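See structure below.
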Amino acid sequence: MNERHEQEKKQFLKLLAQEGVDELDKRFQILESFLKSENHETCREIQATLEQNGVFLGPGFIAETMELLCRFGFAQKLKIDDGPPRYEHRHLGLHHDHMVCIKCGAILEFRDEALERQQVNLAAAYGFHMLQHKMEIYGICADCLEKSTLPVPLSRTKQGEFLVIKEFEGGKNAQMRLTSMGLRIGDTIEVVSTQHGGQLVVAHGESRFVIGQGLAQKVMVERSAHRYPPLPAGEAVGHPGGHPGVADTILLSQMRQGQQGVVTRVSGETRLRRRILEMGINRGATVYVEKYAPLKDPIELIVKGYHVSMRVEEAAHISVEGVKTVKNP
Amino acid sequence: MKQLTIALAGNPNSGKTTIFNNLTGARQKVGNWPGVTVEKKEGIVKHNGVELKFVDLPGTYSLTPFSLEEIVARDFILNEKPDVVVNIIDAANLERSLYLAMQIMELDRPVVFALNMADLAKSKGFSINGAKLASLLDLPVIFTVGNRVKGMDLLVEAAVKEAGTSSKGKAGRKVTYHRDIEALIREIETAMDRAGLDLDNWPGRWTAIKLLENDEVVKKNLGAMAPDAAKGAANEVLAVAERARFKIEEQFQDDPEIVLTDERYGFIAGIVRSVVTVTARKRADISRSIDRVLTNRFLGFPIFIFFIWAMFQMTFSFGAYPMEWIDTGVGLFSSVLKALLPSGLLKDLMLDGIVAGIGSVIVFLPNILILFFCIALFEDTGYMARTAFLMDRIMHTVGLHGKSFIPMLMGFGCSVPAIMATKALENRKDRILTILITPFMSCSAKLPVYIVLAGSFFAQKAGTVIFGLYLMGVVIAILSGRLFRSTLLKGEDAPFVMELPPYRVPMLKSLMIHMWDRSKMFLQKMGGVILVGSIIIWALSTFPRDRVVMAEYSQYLDQVATQRSEIVAQPGAENQEDLLKEVDFRLADLERQRDKALVERSFIGRLGHLIEPVFSPIGIDWRAGVALVTGLVAKEVVVSTMGVLYGVGDDQTDALDYALHASGMTALSALSMMVFVLLYVPCIATVTTIWREASAGWAWFSLFYTTSVAWCFSFLVYQGGKLLGFG
């Protein structure tokens, strides 16, 4: 690492001198300080660090320098949520992505070869020449997870969290109020926003609910299992070819052989809908596309452990989500 | 003696029929449910001094009033109130099967579960805790393996025992819906009580739930259930239900039916979770592997065509042996009769009417039996569903259903089993449509006619001509199908959503029962109809006997007979044999000439002359016309009638050839006749089958439609040909 840093410094001096940048030595100090820290720092943090070491430089100058560093490829700017921009080392040639903990703010770097490759493939599938990309995963880091397995009141949760309603700490009335909204124990809710004077807006499925602070304090929630069920190790394979992402809802008729999805909605005229439902294809059921007939129609599916066939035009009435390719249903 | 009625209900492919066969064996009676074309099977068995009447309800996935089968099943349980309902459940499909089960339980009769094919479930990697299921739902659960006849006794015991209990108090077995929905159900029940509706016929809670689901049948009957004074109250109840539906829609943002269905499935999922354990071991799913080949993108069709070819091959080549035996048998029988019976009208009636008529049809029995057997084989192994799966795309573009393919295909063998096979189609309209166009698939009885005519007039090209006829039949069938679909039988065709059951090794006993059931029906009904038809035809062609002709020919015959005795009397003449042969030949020839003359002057001959104007525009003379009329009994009879009318024996094909030419028939008129035979009204047996499977109205319609189509196309062929200079 230090070798690299030395390299960087040398290059920095050479390059900036070549470009005729002024105040080179002061900027060099910023670079040094920056390189020493492995964190993702804001301008303010860099300034603070410099001050600690007895170097006093103006924020404007630091910001300008950081921009220069970005321009010449020594640093990379990270704009995370609604905070000030952060900068990290940019070691050319080795791209990495980040995971951000929304509880404690920790930023983890990672690099996954398969993911990098997948992104290139995906772009290619769309006929797109990828130049660069940025990927940030938001969640809760391991440390924070350890700390919070007990149910907490809804009022203390953060925006973006997925929670399961565990208990009520309150009288019958509170319970009634919640139930009359359509929320029950066991329901998974997403915290949409928390900022408006203690009021929370939560989502359950596609419906939105406003919960006042008083009520929110009485609802005990637990972090839910992942929003998207974790893929069984080694079995999930990406599929090139123009498919929307995992979270989107598509029609069953758009699924390919070997794919699996979860039904969200069954539409269509009554008789067809009845028939589909009584065959076990209802909301929440997992369907797997076994094959298409030799003439491309009808489709054979595996649902609730048995095989069903239906025409493509009938399958178009079924919406599915969470579509992924699996080896075995 | 005490009598118990035990209803068997369950999903299609759950092995219900096998269990029914096990329980009733040969003692089953097959018929139709009153007023509908849905098959009903019953069987009475004595058990420990109690008479058990088993009723096999149609296999259904649910009890909504959308299909005839569901209505029949539901009505039986509601109205006939069987003492106990045995629900046959495919253990490998517990979750889906419970959907029907819960609906049955809501009907408040005692219920027993038979978890069938549990061995298959194990091999798929999961096992069911029967005891837990039994306690959760408060009913007996018996494990059975239908096709190995295991568990039958236990099942019967449990059923008889449960029949003695009351189910009204068993609350644990009903689906409990969402609190708000339960409240609405109670609201409706209260409204019904207030209205004073006579509910002891139907369970109150069930009725309320059905009203929430907007069940049309229940809504209609609600009005019927109310005493006249309370008709208005019934409407009040309907209004309450309507409001409740609206509330559900508002709260849950979806149709009440969907909401209730979701709730049921949620309830079921809970049960399944606590009762089913997935074992780690999972043997390879054989069925899936087989399908990888049989419905493979590349191999699927070739293999399918091979199976069809094999089916016809079996039917006609294996069938050929028994056909010959029967033919010989009938021949022997008639020679015996010939020798035994004194000459006279009775003899003629027996020989030429009854034996000849029935004989010509019975000869086809082996073919029909084998066809039925093949169909049973396809169905019991599960391959039948795959045929529909493969063919649906093509059938659908023609306006038909994938399941129509096999019945239509069978039509090439014989229309009777083909039409009976249309039972597989769930939707009545699809069924009738298929029934109407199946006769256009040229059945095997028409082939002798083609062979004679095409052979006589088209020589080398005969094969091509016959192929062309078959093709024409198919094309007209398709066109008729589209025509009907857009006029008489309008409407969306039934959903294709269909289960592909796992492959199974069929039980020989089941296959045999299957085959025998249908054949018995064929023999009984058709036998009767054909017998009557033959007698009528015989009568029409025998009477009146022209005395003058009789006397004339008697003279000739006597002369030749005298000659014969002279030759026999002459001792040791060298060419005695040849002379005898010659004389015998002349005797036979004279008899034929006499018969020909007689028939010409009989009723049927007169009828022939009468309808001649109808047939002349299509180039058919009165003799061929008469032959066509006799074809009503069976198409094979056309050839034998022609033989009689042209004065030619059965085995003298060349002579017939000559005679046909001599009568002025041309290649074009032969073609016209063949087209007519291809398309016109099918034999009386087929018409009777249509009557049974569709309705009398459709049978008549089929008769008129086919004959009109036949006439029109024959006209086109004949006149068109003449215009083009082929005449």
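The values are calculated or read from the model by the stated rules, or taken from the named source; none is laboratory data. Nothing here was measured: the structure is a model prediction, and the numbers come from that model. Note that we place each Cβ from the backbone using ideal geometry, even for glycine, and neighbour counts take in every protein chain shown. Remember, those area values only see protein heavy atoms, side chains included, never the ligands or the DNA or RNA. Shrake-Rupley method; radii C 1.70, N 1.55, O 1.52, S 1.80 Å.
Of note:
- Exposure check, 1.4 Å probe, all protein chains in place: residue B:250 carries approximately 120 Å² of accessible surface.
- Of the chymotrypsin sites (Phe, Trp or Tyr not before Pro) in the stretch A:45-131, the ones in a loop by DSSP (not H, G, I, E or B) with at most 16 other beta carbons within 10 Å are A:56, A:72, A:126, A:128.
- Beta bridge orientation in chain A: antiparallel %, DSSP, nearest 5: 95
- Peptide A:295-301 has a mean shielding of 6, counted as Cβ atoms of other protein chains within 10 Å of each residue's Cβ.
- Cut-off 15 Å between beta-carbons: net charge of the residues surrounding residue B:471, Lys and Arg +1, Asp and Glu -1: +2
- The residues packed around residue A:16, meaning those with a beta-carbon under 14 Å from its beta-carbon, carry a net charge of -2 if Lys and Arg are +1 and Asp and Glu are -1.
- Candidates per trypsin sites (Lys or Arg not before Pro) in the stretch B:535-627, loop by DSSP, up to 10 other Cβ within 10 Å: none
- Cα shape, chain B, gyration tensor, a/c 1.5 rule: prolate
- Nearest 10 degrees, 0 to 90: helix B:576-601 Cα axis against chain B principal axis: 60
- Mean partner shielding of peptide B:711-717, defined as the number of other chain Cβ atoms within 10 Å of each residue Cβ, is 0.
- Neighbours of residue B:671 by Cβ distance under 12 Å: Lys/Arg scored +1, Asp/Glu scored -1, total +2.
- 28 Å Cα-Cα threshold exceeded, pairs from B:29/B:132; A:14/A:77; A:296/B:403; A:134/A:158; A:296/B:509: B:29/B:132; A:296/B:509
- Solvent exposure ordering (accessible area, 1.4 Å, most first) of B:609, B:47: B:609, B:47
- P(r) histogram, all alpha-carbon pairs of the stretch B:63-117 included - 10 Å bins from 0, percent: 24, 53, 23, 0
- If R0 equals 35 Å, the separation of the Cβ atoms of residue B:524 and residue B:593 corresponds to a calculated FRET efficiency of about 0.30.
- Peptide A:263-275 - average C-beta neighbours from other chains (10 Å radius): 4
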